1. Need the full-extension length gain, C180 to Q341, defined as separation in residues times 0.36 nm minus the C-alpha distance. One decimal, nm.
2. Once the principal axes of the Cα atoms of segment 2-191 are found, what is the range along each, listed largest first in whole angstroms?
3. Once both labels are modelled 7 Å past Cα along the beta-carbon direction, what's the T163-N256 spacing in nm?
4. Roughly how many Å is it from the Cα centre of segment 336-376 to that of segment 140-157, as a whole number?
5. Based on alpha-carbon positions alone, could you give the equivalent ellipsoid semi-axes of the chain from the gyration tensor, as √(5λ), descending, whole Å?
6. Please give the length that would be gained between S32 and D61 if that part of the chain were fully extended, namely 0.36 nm times their separation in residues minus their C-alpha to C-alpha distance (nm, one decimal).
7. Beyond 28 Å between alpha-carbons counts as too far, so tell me which of K223/K243; K223/K603; K94/K603; K64/K603; K243/K276; K574/K603 fall in that bin.
8. Where the centre of each part is set by its Cα atoms, how far does segment 1-36 sit from segment 201-251, in angstrom?
Amino acid sequence: RRVLLLGEGNFSFSASLCGARGTHVVATSYESEEEASGRGGAARSIRRLRESGAEVVFSVDCTKLKDYFLPGQREFDCIYFNFPHCGRKAGVVKNRELLACFFRSASEVLAEEGEVHVALCNGQGGTPADQPRREWHNSWQIVAVAAGAGFILSNVHPFKAETIRGYQCTGYRSQDKSFCVEGALNHVFTRSTPPLCFTPMSCTTQLGSQRVSFQVPQVLVDKINRGFLDLNSSHPVRTVKEKLAAGLGKAFPLHNISSCLPLLHRGHLDGVCHSKVFWITLSPEEAPGTEEISQGLANAVLFSRVGFCQDTDKNVQEGCPTPKQFCLRPSLLPHAQEIIQKGAFLPGTLHVLSGPVFRKCRITPHSMPVFHEMLIVLAVPRGTESSCIQMLVDNIKTTTQCLHQAVSAIKPSIDLQEATSFETTELNDFAAFECQLGEIQHFLCVGTGTDTSGSCVGIIRTAPHVSEGSELVVVLASLNLDLLAMLLCGISDWRMLWTRDTRFLRQFPEGELRLFKSFSLYPPSYLHDVSFWVPDGEQFDEVAFHTIARQVSGETIISIQLRDSFQQTGTGRKSLCYRVTFQSCDRALSCQEAAEMQLHFRKEIQQHLGVTLR
């Protein structure tokens, strides 16, 4: 294990590492050997280092590290830079510049999974870990500075000088004087995953008897075919699904639908806003023929507010999009009819479907353009649906409570609430969209920790069986597996579920749920405002606005807030001003990257939404 120490004053910190098994120390100083040896105790520490086999190098500039080491000697596992400073009375701006140059230089000599440790005096770093915390503009802004070189803050802990044998701080204003290290913090940085390259992508799926390919919407390029629910996956979303299925299997005969469900849905879902789904255009040679479309629609079922509707002509008369249009499935409900129509469908048997579904939505920490739905279908004799629903919910409650207690030792509150007890404004995006798909009888809400109000993670609805004269009622329970995984594992941001960083899945051994510990602490955020005139006579499509924001930023925009709405007197023109907050939950995001994304965002909304920028 190769350890590089920079900016050593009297070398007492380096000397404390001498003799550590399996560690090769390279201690450096910005000063010449003559200057450094004149500091109190330095000569003794240098001699001890050399006797232990460590390397001691002088006149090393921390901003040009690759100049001092041959290519085969640059792979350091750990780099320490304790209390960096430009010297004398240098202000925060100069010290930020020093850190920026240091991090860029460190990235050239650090091993792929190496760490950079930077110790700073209390308040200098500018993170919430500093107590008291300085104002942002008066700090060294270390996390934002490090992000510019591709580093994220993965840990921060007190720098306990008293526990380091023989350590004496020195170098106050470039002199051989000590300085106060009480409350000092050690910041541990690691490499971030590189920015995603969103190249155009095609996807193949089954549509009727044909295999068709389509262009994936750019905002979903990194979310298609991720295989979270595959048999060899250890993703927490799959673990939640498997645990729920195992629990349900103890109370009901259970049949998992293992066949591959098509990603595309033909036509339109009754009641769903046209702008809330991702529409797909197939090339003429890919699109199924008219005869096959008609045959497919004869078997397709749209879930509406009055139950299952098979009348295609009625849909056309009511102004729905033509059957030749396709969208990425926003729900698994249309596939439920396939199961009900099978002769093997037995009353009292749970049929479980699961897979990703896609919906356009506004940007919030819990609003997901794609999530994994678990759809439970159960046919029961008319008049017994209430008791069956209660039995189903009790089973889900028991399983969820056991899972959460195993993870955090806290018993969550899980409630089945009547749909009539909710106002539309109280629903999260998942529940609000489900309301468009048809009448809902109950919401399943989970509250954890101090949040006892609960977040809606599931809905339950009923519909009459499609067969004429049937005395069966179909109970359908839809669960948002992603939201459940977040609540159970303490994941505050849905984007973390989709990270490419391997440190996420390492925290979840196969079949096990654990409390998630973020590997990117206090990520920097950057605020930008955008204001524009809305086209005359048009309703501004805010969902499309948010979707463009997701696309151009690669999901690094965490919030969009309306700051001002202005109607011009006389002309009646309407102006809107939004505040856009850029922040990544899992990778380094620099100030420059955010600024470039903002410029791109402005161009895209002008081009696609027809707004006039101000």
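Here, each number is a calculation from the coordinates, and none is a lab measurement. Remember, it's a predicted structure, so these values are computed and weren't measured experimentally. No Cβ is skipped: glycine too gets one built from the backbone with ideal geometry, and neighbour counts run over all protein chains shown.
1. 50.3 nm
2. 45, 36, 27
3. Result: 4.5 nm between the two label points.
4. Centre-to-centre (Cα) distance: 40 Å.
5. 56, 28, 22
6. 9.3 nm
7. Table pairs above 28 Å Cα-Cα are K94/K603; K64/K603; K243/K276.
8. 51
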